[in-house]
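Visitor: My questions will all concern the structure given below.
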Amino acid sequence: MAFVLEHLDHLVLTVANIDATIDFYTEVLGMEVVTFQGRKALAFGIQRLNLHQRGHEFDPKAAHPTPGSADLCFLTTTSLENVMEYLREQKIHIEEGPVDRDGAIGKLRSIYLRDPDRNLIEISNTL
């Protein structure tokens with residue numbers, strides 16, 4: 001190879017409602033809202049989720065940008081029991097889990113929920 005990829009910097013979510021998305025990801029998942037070049041993004045660790053409003057996407061963009069088409073997995077060092085207790089307090093429905101899965105870095109224990117656009121959100125502990 002002529003080059004080596006190091007890590008994911010950001011990915012883009014096309015959303016139906018940027019404000020609802022920001023509320024969910026900041027209030028429920030603890031991400032930080034970032035504004036850059038008049039755009040909104042959600043930051044966590046050294047990564048970012050850039051947000052595109054459906055119908056007003058920035059070029060270049062995906063061939064078929066669609067709200068609700070993403071499956072995202074986030075790692076946490078907080079125990080899933082504590083995460084689940086917090087989500088219940090926030091009245092967030094846990095769709096599945098905890099279940100064992102395989103992740104990019106090894107075995108995971110995961111729970112699943114949905115964001116406002118119905119994207120699948122996996123929250124995991126490494127095993």
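Visitor: Find all pairs meeting these conditions: Cβ atoms under 6 angstrom apart; at least six residues apart or on different chains; first residue within the stretch 54-83 and closer than 12 Å to residue 121 by Cβ and basic (Lys, Arg); second residue at pLDDT 95 or above and assigned to a strand (DSSP E or B).
Guide: If the second residue must be at pLDDT 95 or above and assigned to a strand (DSSP E or B), no pairs are left.
Visitor: Now for a separate question. Could you list all residues from the stretch 5-27 that are buried (at least 17 other Cβ atoms within 10 Å of the Cβ) and either of a type in the set (A, V, I, L, M, F, W, C) or more than 19 Å from residue 62 (Cβ to Cβ) (or both)?
Guide: Going through the stretch 5-27, the residues buried (at least 17 other Cβ atoms within 10 Å of the Cβ) turn out to be 12-15, 18, 21-22, 24-25.
Once the filter is applied, which keeps residues that are buried (at least 17 other Cβ atoms within 10 Å of the Cβ) and either of a type in the set (A, V, I, L, M, F, W, C) or more than 19 Å from residue 62 (Cβ to Cβ) (or both), the stretch 5-27 yields 12, 13, 15, 18, 22, 24, 25.
Visitor: Related question: Restrict the check to the stretch 41-64 and report whether at least one residue is more than 12 Å from the chain's Cα centre (by Cα) and within 20 Å of residue 113 (Cα to Cα).
Guide: So far as the stretch 41-64 goes, no, none of its residues is more than 12 Å from the chain's Cα centre (by Cα) and within 20 Å of residue 113 (Cα to Cα).
Visitor: On to the next question. Return a yes/no flag: does the stretch 52-66 have any residue that is within 27 Å of residue 98 (Cβ to Cβ) and not acidic (Asp, Glu).
Guide: No.
Visitor: Here is a follow-up. Assess whether residue 87 counts as being in a strand (DSSP E or B), touching a residue at least 12 places away in the same chain (Cβ under 8 Å) and touching a strand residue (DSSP E or B) at 6+ places or on another chain (Cβ under 7 Å).
Guide: So residue 87 fails the test.
Visitor: Does residue 60 count as exposed (fewer than 15 other Cβ atoms within 10 Å of the Cβ) and assigned to a loop (DSSP other than H, G, I, E, B)?
Guide: Yes.
Visitor: Residue by residue through the stretch 20-36, note down the ones that are touching a strand residue (DSSP E or B) at 6+ places or on another chain (Cβ under 7 Å), within 12 Å of residue 51 (Cβ to Cβ) and outside any helix (DSSP H, G or I).
Guide: Result: 31, 33, 34.
Visitor: Residues of the stretch 90-127 being modelled with pLDDT of 95 or more and β-branched (Val, Ile, Thr), which ones?
Guide: 92, 94, 99, 111, 121, 123, 126
The values are calculated or read from the model by the stated rules, or taken from the named source; none is laboratory data. Predicted model only: the values in this text are computed from it and were never measured. Positions of Cβ are generated from backbone atoms using ideal geometry, with glycine treated the same way; all protein chains shown enter the neighbour counts.
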